[in-house]
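A.B. asks: Got a structure here, written out as structure tokens. Questions coming.
The values are calculated or read from the model by the stated rules, or taken from the named source; none is laboratory data. Because the structure is a prediction, the values reported are computed rather than measured. Note that we place each Cβ from the backbone using ideal geometry, even for glycine, and neighbour counts take in every protein chain shown. Heavy atoms of the whole protein, side chains included, go into the accessibility calculation; ligands, DNA and RNA do not. Shrake-Rupley method; radii C 1.70, N 1.55, O 1.52, S 1.80 Å.
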Amino acid sequence: EYVWIDTCCIDQKSSSELSESINSMYSLYEDADICYAYLNDVDFMSDPSAPDSAFRRSVWFTRGWTLQELIAPRNVQFLSKTWSVICTKADMAATVYDITGIDYGVLCGYTRLQDLSVAERMSWAARRETMKTEDRAYSLFGIFDVNMTTIYGEGEKAFRRLQYEILSQINDHSIFSWSLPAASKDITTGL
């Protein structure tokens, strides 16, 4: 009945609407019946699980804002540049884990974010990029269930504010020791 498109439905000219939208974006994805992830650099004919596939190399997996689009919704369908369904998150959970390092249980929906350390959740964002410096922090609000005022122009201060907010709500000092996920970690055992 309704569709929400992050690139169209946020009035970026209104700072209050922008801040409200950013703070509620994760819950919009989480409450969605389905989320369509458009991969404009992936051809439908590609085998997504192949080691050298366009799916694995898609820029979508490197963007800061797409982290919550991948984690929050139960049902994600990946679409090719011709708008054809490539696969679902559930179908390719092992491949998506391999690409992103995101906990396999989180991808499959049986592990809650709150059950993972701050360091592990931070590591998922380590290789992701955003156009604006502040968005490195703002794109993580939902991952840590925090709300903050967005202040574009504050630069790196946004990430420091995010860390303070996380520490004020979560008693987990691993925030100071996170690193990139190990590529050799076995998804079935967690080792």
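A.B. asks: Taking loop as defined by DSSP and a crowding limit of 10 other beta carbons within 10 Å, which chymotrypsin sites (Phe, Trp or Tyr not before Pro) in segment 13-113 fit?
C.D. replies: Counting only loop positions with at most 10 other Cβ atoms within 10 Å, the chymotrypsin sites (Phe, Trp or Tyr not before Pro) in segment 13-113 are Trp83, Tyr110.
A.B. asks: A further question on this structure: For segment 57-142, with all protein chains present and a 1.4 Å probe, just round the carbon and sulfur fraction of the accessible area to a whole percent.
C.D. replies: Numbers: 1730 of 3630 Å².
That share works out to 48 percent.
A.B. asks: Quick one: if the Förster radius is 25 Å, what FRET efficiency do Arg160 and Asp31 give, using the C-beta to C-beta distance and rounding to 0.05?
C.D. replies: Working: r = 30 Å, r/R0 = 1.20.
About 0.25, to the nearest 0.05.
A.B. asks: Is the shape of segment 28-97 rounded, prolate or oblate, going by the alpha carbon gyration tensor and its root eigenvalues a ≥ b ≥ c, with a/c under 1.5 for rounded and a/b larger than b/c for prolate? Walk me through the intermediate numbers first.
C.D. replies: Values: a/c = 1.62, a/b = 1.53, b/c = 1.05.
Prolate, since a/c reaches 1.5 and a/b exceeds b/c.
A.B. asks: At 1.4 Å probe size, with no ligands or nucleic acids counted, give the accessible surface of Thr66 in Å², nearest ten.
C.D. replies: Its heavy atoms expose roughly 10 Å² to the probe.
A.B. asks: Still on this structure: Over segment 120-167, calculate the relative contact order: mean separation of alpha carbon pairs under 8 Å at least 6 apart, over the residue count, as a percent.
C.D. replies: Values: 30 pairs, mean separation 18.3, N = 48.
Taking the mean separation of contacting Cα pairs over the length of segment 120-167, I get 38 percent.
A.B. asks: What do you get for trypsin sites (Lys or Arg not before Pro) in segment 122-157 restricted to DSSP loop and a cutoff of at most 16 other Cβ within 10 Å of the site's Cβ? Walk me through the intermediate numbers first.
C.D. replies: Details: sites: Arg127, Arg128, Lys132, Arg136, Lys157; in loops: Arg127, Arg128, Lys132.
Answer by residue number: Arg127, Lys132.
A.B. asks: Taking amide H atoms as placed 1.01 Å from N in the peptide plane, list the residues 5 or more away in sequence, or in a different chain, whose amide H sits under 5 Å from that of Ala37.
C.D. replies: Amide H neighbours of Ala37, under 5 Å, 5+ apart: Gln77, Phe78, Leu79.
A.B. asks: Keeping all protein chains in place, calculate the accessible area per residue for segment 46-94 (probe 1.4 angstrom), answer in Å². Mind showing how you got there, number by number?
C.D. replies: Working: 2110 Å² over 49 residues.
It amounts to 43 Å² per residue over segment 46-94.
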